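The numbers here are math on the coordinates, done by the rules we state, and not lab data. These figures come from a predicted structure and were not determined experimentally. Don't worry about glycine lacking a Cβ; one is built from the backbone with ideal geometry, like all the others, and counts go over all protein chains shown.
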Amino acid sequence: MGVEERRQQLIGVALELFSRRSPDEVSIDEIASAAGISRPLVYHYFPGKLSLYEAALRRAADDLAGRFVEPHEGPLGARLLRVMRRFFDFVDQHGPGFSALMRGGPAVGSSTTNALIDAVRQAAYDQIVAHLGVEEPTPARLELVVRSWISLAESTALIWLDGRRVPRAELEVQLVHDFAALAAVGAAHDEELATLMRRALKDEPGDGPFGDLVARLVLLAS
């Protein structure tokens, strides 16, 4: 293999192993064996486990950020639900790796790792704001809503991985409902946000995720 081809192979092997077990539990010897090469050859391409770990995280981060990309067509609730399904596809397939990415793993304190995490969060934020049709500068109250929701999605996924006690499909819908609830509370305190949300939600169907939330709240209040 060429140098870059071998590097990409090692990153893929490492990411696959990190997806099944905590990176702390995966050794360079195990990565070398899975790649069919010697331990010294791994060090020829990566100076240490940390650099390989960060390269694997970078690929995972790019993949995760891409899960938030969604065509700007159709009702907002349905778009967010598709995003959450792809997000949980990643969480489901890369549980230990996702936990390591969000919690820092063995690279905690690494500026590279922290930058990767921040980049994923920023990509998610940019996508959601774009779906709302907002141009710069983003209203402060809206920024609070969107960033709070992204943090909630992260923490929900991490808790879900610890036992998977709530059906995944229910959490995907619940997180879409959470976005609507956070936006509604923000809109109740800010007319600019209220106007924005009215525009974003005007074409929502009654049988969509947001309509389902309204029906549940009416039932709760009755």
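Considering the options L171, L50, A32, tell which one lies farthest towards the positive end of the dipole of the chain, charges being +1 on Lys and Arg and -1 on Asp and Glu at the Cβ, about the Cα centre. Result: A32. This model, with +1 at the C-beta of Lys and Arg and -1 at the C-beta of Asp and Glu, gives the chain a dipole about its Cα centre of some 460 debye. Annotation: extensible slack from R198 through Q93 equals 34.2 nm (criterion: 0.36 nm per residue apart, minus Cα-Cα distance). In a fully extended conformation the segment linking S27 and D207 would gain 59.8 nm over its present Cα-Cα distance, using 0.36 nm per residue.
A DSSP coil position with no more than 15 other Cβ atoms inside 10 Å describes the following trypsin sites (Lys or Arg not before Pro) in the range 144-195: R164, R165. Comparing the range 1-44 with the 2.2 N^0.38 Å rule of thumb, its C-alpha radius of gyration ratio is 1.08 (two decimals). Annotation: the chain has a Kirkwood hydrodynamic radius of 19.2 angstrom, from the mean reciprocal C-alpha pair distance. Using a cutoff of 8 angstrom between alpha carbon atoms and counting only pairs six or more residues apart, the relative contact order for the range 60-221 works out to 30 percent.
With one equal scatterer per alpha carbon and no solvent term, the Debye-computed log10 I(q)/I(0) for the range 109-214 at 0.23 1/Å reads -1.33.
Apply 1/(1 + (r/R0)^6) to the Cβ-Cβ distance of R59 and E191, taking R0 = 41 Å, and write down the FRET efficiency to the nearest 0.05. Kindly include the intermediate steps, with their values, before the conclusion.
Working: r = 43 Å, r/R0 = 1.06.
Here the calculated transfer efficiency is 0.40.
Spin-label model, V166/L182: points 7 Å from Cα along the beta carbon direction are separated by 1.4 nm. Whole-Hz Karplus values for the range 128-134 come out as 5, 4, 5, 5, 8, x, 9 Hz, taken residue by residue from phi with 6.51 cos²θ - 1.76 cosθ + 1.60 and θ = phi - 60°; glycine and proline positions read x. Spin-label model, E16 to N114: label points 7 Å out along the Cα-to-beta-carbon direction sit 3.4 nm apart.
The 3J(HN,Hα) values that the Karplus relation (6.51, -1.76, 1.60; θ = phi - 60°) gives for the range 158-168 are, in residue order, 5, 5, 4, 5, 7, x, 6, 7, 10, x, 4 Hz. Gly and Pro appear as x.
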